[in-house]
Amino acid sequence: MSSERYLKMIESVERKVNHLDATFHERTNSILKYVSEMLRTMKAGPGDLMENTLRSIKTDLDKLKMSVTERLERPTMRVDGGDFHADATLDSRLSLMETQIKNIMSGVDSIVSIISEVKTRNSARTYTTKSDLGLDSMTLINEFRKTLHESKRKCDCKSGRVDRSERYPTDCHEIQMQGFNVSGIYKIKPDDMEPFYVLCDLTTAGGGWTVLQNRFDGSQDFYKSWNDYKNGFGNLAGEFWLGLEKLNYLTNQKLYELRIEMETQHGQEAYAGFSVFTVGPELEGYRISTLGTYYGTAGDSLSYHAGQKFSTMDSDNDEWKDGGCAIEHGGAWWYKECDKSNLNGKYSTTADEHRGQSIYWISFKGPNFPLTKTKMMIKPLPASRPNDLVEQSRKIIESSKQRTKATETQVSRPKETNSGYDANKFHRDGRKEFFTSYA
């Protein structure tokens, strides 16, 4: 508690210093402006003219001071029944005026001293610049601010206490392990990253899920730029995309499984799960660097995208040579040539709306039956030791390769529906292969 009070006191002092800094700059600028005018006048005129001008200004200022002093010393009274009584209202007004005039006199004295200094420097042909006048004060203020910041940083670490940033959980699974069981918005801090808020699903399939994407009503536009998808957008209480940068940090601090839930406009539900899911850094285009084995009820429409970089309308990283998949399909995804899933496509409620650009998972109803609800979320794999995670990841990748060989002999493209859509129109790929992992 004493540490918190100390922090609040430092923040209060820092606000006052900032206010003092602003006031200092404002008053210094006004004085410098006046001095600059004086310098220009002195540079333009001869020596005698400058001397006369300065003497005249000095005389006027002295007269002003004398006039102010006389007014302050002259009492104002009124007669009431033969006795002299001070008018209370007038007295208070005079007190206020006295204070204001004293402030003016202080300003006059300051200007007189500046003029004297300018006169002296003018004789020596040394002209003061703006940086010369404010250097010492600015240095002191900056040094004071630096000291405040250093004191603030040391506050949390003194007396052997743990830094406050380490108190945050690294994901929603740790939040659940702390005893929370209500889904909602919580604050987490992945390794080597600043804390941020996430939506935690603590009820579905055992809970502990950190939500990466959530769509359910079309209120948020998902046709966004690369920077939007990198940093994230939307509202955690509504529709949102968490952000590729956060996905990279999250999925690389532990081994995570991916779960994707989806629902059609007719209320038909399904899910697709993958035993491992890892997103690479921006240097690699936020590619799906690892994708484990599939399980679920929706079918596998993501293994096709394993190893692919992320693409948006302004950043084409797909393998389609004749155009950009993000523009063609109205979304942003780990496109190849082009896709078998498009969960960031345009929100549609009917098959005729945004045809080919809607939200779809081809192995679940196909592209002509747009999805109206999707949720992407991750949860760490259960393991007692880090070595177990490494060994489990190796086994998953090996089993994935065996599954790939078996799949290649059975599946070349999604089964065509009665609607008669062309698989190649959506996949832009003639090869008969599925990737379940990419190392």
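The values are calculated or read from the model by the stated rules, or taken from the named source; none is laboratory data. Please read these numbers as outputs of a predicted model, since none were measured by experiment. So basically every Cβ, Gly included, is an ideal-geometry build from the backbone, and we count neighbours across all protein chains shown. Heavy atoms of the whole protein, side chains included, go into the accessibility calculation; ligands, DNA and RNA do not. Shrake-Rupley method; radii C 1.70, N 1.55, O 1.52, S 1.80 Å.
Using modelled amide H (1.01 Å from N, peptide plane; none on Pro or chain starts), what sits under 5 Å from the amide H of Trp333, excluding residues fewer than 5 places away?
Under 5 Å from the amide H of Trp333: Ser311.
For Ile185 and Tyr34, calculate 0.36 nm times their separation in residues minus their Cα-Cα distance, and state this gained length in nm to one decimal. Working shown, then result.
Details: separation 151, 0.36 × 151 = 54.36 nm, distance 5.59 nm.
Full-extension gain reported as 48.8 nm.
How would Trp334, Trp320 rank on accessible area, largest to smallest, probe 1.4 Å? Don't jump to the answer; show the numbers that get you there.
Numbers: Trp334 0, Trp320 40 Å².
The ordering from most to least exposed comes out as Trp320, Trp334.
Express in nm, to one decimal, how much length is gained between Gln265 and Thr23 on full extension, taking 0.36 nm for each residue of separation and deducting their alpha carbon distance. It would help to have the intermediate numbers written out before the result.
Working: separation 242, 0.36 × 242 = 87.12 nm, distance 6.06 nm.
Full-extension gain reported as 81.1 nm.
Skipping prolines and chain starts, which residues have an amide H placed within reach, meaning under 5 Å, of the one on Tyr256, given they are 5 or more residues away or on another chain?
Those qualifying (amide H under 5 Å, at least 5 residues apart or on another chain) are Phe277, Leu381.
Can you tell me the Rg and Dmax of the stretch 191-318, counting just the alpha carbons, in angstroms?
So, for the stretch 191-318, Rg and Dmax equal 14.6, 43 Å respectively.
Report the convex hull volume per residue for the stretch 333-384, counting only C-alpha atoms, in Å³.
Working: hull volume 5.2 nm³, N = 52.
Once divided by residue count, the hull of the stretch 333-384 is 101 Å³.
Take peptides 273-280, 8-15, 237-244 and line them up by average Cβ neighbours within 10 Å, highest first, as a rough protection proxy. Present the calculation step by step, with values, prior to reporting the outcome.
Details: 273-280: 23.6, 8-15: 12.0, 237-244: 19.6.
The most tightly packed comes first, giving 273-280, 237-244, 8-15.
How much area per residue is accessible in the stretch 187-270 when the probe is 1.4 Å and only protein heavy atoms are counted (Å²)? Before the final figure, lay out the partial values.
Details: 3270 Å² over 84 residues.
Using a 1.4 Å probe on heavy atoms only, each residue of the stretch 187-270 averages 39 Å².
In nm, give the distance between the simple-model label positions of Asn368 and Thr349, each being 7 Å from the Cα along the Cα-to-Cβ direction.
Label at Asn368, label at Thr349, 2.2 nm between them.
Once ligands and nucleic acids are excluded and a 1.4 Å probe is used, how much of Tyr168 is accessible, expressed in Å² to the nearest 10?
Result for Tyr168: roughly 80 Å² accessible.
Label points 7 Å out from Cα along the Cβ direction at Asp221 and Glu194: separation in nm?
2.6 nm
With the crude spin-label approximation of a point 7 Å out along Cα→Cβ, what separation in nm comes out for Met177 versus Glu4?
2.7 nm
Through the Karplus equation 6.51 cos²θ - 1.76 cosθ + 1.60, θ set to phi - 60°, convert the phi angles of the stretch 287-299 into ³J(HN,Hα) values in whole Hz; use x for Gly and Pro.
Couplings: 5, 6, 7, 9, 9, x, 6, 8, 8, x, 10, 8, x Hz.
Please list, in chain and number order, the residues 5+ apart from Thr372 or on another chain whose amide H is under 5 Å from its amide H, with Hs placed from the backbone.
Glu263, Thr264, Gln265
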